[in-house]
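Asks: Have a look at this one before I ask anything.
Readers should treat all values here as calculations from the given coordinates under stated rules, not as data from a laboratory. These figures come from a predicted structure and were not determined experimentally. Glycine gets a Cβ as well: all are built from the backbone with ideal geometry, and neighbour counts include every protein chain shown.
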Amino acid sequence: MENYLFLFSLVLLFGLLPFSSQTPNPKNPNPKPPLTQAHTELINYGFPIGLLPASVTKYTLNQTSGNFAVDLGGTCKVTLPPDNYLATYSKRVTGKIENGKIAELDGIRVRALFKWWSITGIRSSGDNLVFEVGMVTAKYPAKNFDESPLCEGRHSSS
C-alpha cells in the first residue's frame, strides 16, 4: 500500500511540475527565458527543457563520457500546487547523459509522503519520461516538461 501511495504522490508531483508558481509580467504575460546551452543539450539528447529550471548559469559536458554538470547559481526551490509539494535543485546538478537516458543523477530531490527522495535517473521513452527514485520508477508525459520552471527561492548553499 505504501508503494502505491508513493507512486500516486510522484504522479501528482511530476504532473504538476510545469504549473509551478511563476510571477507573470504585466507587459508580457507569457515570458519565456532564453534557452541556455544546457537546455539545448537536453533537446539534443531527446529530453524536454523543463527538466532544468530557467536559472542555469553554467554548463559543462564531457562529450566522450557524457558526464555533465549544471550550475544554477544557488539552490532552487519549486513549489507544486495545490498540495505544496516541493522539488529542490542543488546549486550544482551532475550526472551522465546519453541519448534518451540520464544516469548517476545527483542534485534533484522531491518531497513526497513526508520524505525527501532523490531522483537518480531519467529515461525518455517515446512520449513519456521515466523517473528513477532508487528502485522505484514512475512514468509521466514528456509534454508536462515543455517549459523550464522558475525558481521561487534562492539560497547561498545546497
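Asks: Measuring from label point to label point, each 7 Å out along Cα→Cβ, what is the R111 to N67 span in nm?
Replies: So the label points at R111 and N67 sit 3.3 nm apart.
Asks: Please give the contour-minus-distance gain from E152 to K96: 0.36 nm per residue of separation, less the Cα-Cα distance, rounded to one decimal in nm.
Replies: 17.5 nm
Asks: Right, here's the next one. Just order 43-51, 138-146 by mean Cβ neighbour count inside 10 Å, highest at the front, would you?
Replies: Result, highest mean Cβ count within 10 Å first: 43-51, 138-146.
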